[in-house]
1. Apply the Debye scattering formula to the chain, with a single equal point scatterer on each alpha-carbon and no solvent, then give log10 I(q)/I(0) at q = 0.14, 0.25 Å⁻¹.
2. Relative to the Cα centre, what is the charge dipole magnitude of the chain, using +1 at the beta carbon of each Lys and Arg, -1 at the beta carbon of each Asp and Glu, and rounding to the nearest 20 debye?
3. Dipole of the chain (Lys/Arg Cβ +1, Asp/Glu Cβ -1, origin at the Cα centre): which of 41, 55, 9 lies farthest to the positive side?
4. Would you calculate, for the chain, the mean residue ellipticity at 222 nm contributed by helices, counting each DSSP H stretch of 4 or more residues as -39,500 (n - 2.57) and dividing by all residues, to the nearest 500?
5. At 0.36 nm per residue, minus the direct Cα-Cα distance, what do residue 19 and residue 52 gain on full extension? Give it in nm, one decimal, please.
Amino acid sequence: MRVVNEESLEQIQFKIAFLERANADLSDAVYRQQQDILALGVRLQEVAGRLESALAEDRPASGEERPPHY
């Protein structure tokens with residue numbers, strides 16, 4: 001059986017601390033990306049609604065078509 005000396009234990013603790021920090025950083029990045037995705041979804045819905053409204057206003061009602069010379 002291998003005996004863990006003080007230096008090995010310190011290296012293991014350092015690596016664990018590094019991995020915990022990296023994990024927290026990645027978790028924060030994923031959270032921020034999710035918030036950005038949700039905000040972009042809201043904006044996309046707004047733009048889609050505005051486009052749909054603009055297209056509906058631009059379409060002449062049935063029977064009120066413009067003559068070809070317009």
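1. Scattering profile of the chain, log10 relative to I(0): -0.73, -1.04.
2. I would put it at about 100 debye.
3. Value computed over the given set: 9.
4. On the way: 1 runs with 53 residues, N = 70.
Taking each H run of at least 4 residues, the total per residue is -28500 deg cm²/dmol.
5. Details: separation 33, 0.36 × 33 = 11.88 nm, distance 4.86 nm.
Net length gain for the segment: 7.0 nm.
Coordinate-derived values only; no laboratory data. Just so you know, these numbers come straight off a predicted model, no measurement behind them. Here the Cβ is made from the backbone with ideal geometry for all residues, glycine too, and neighbour counts use every protein chain on show.
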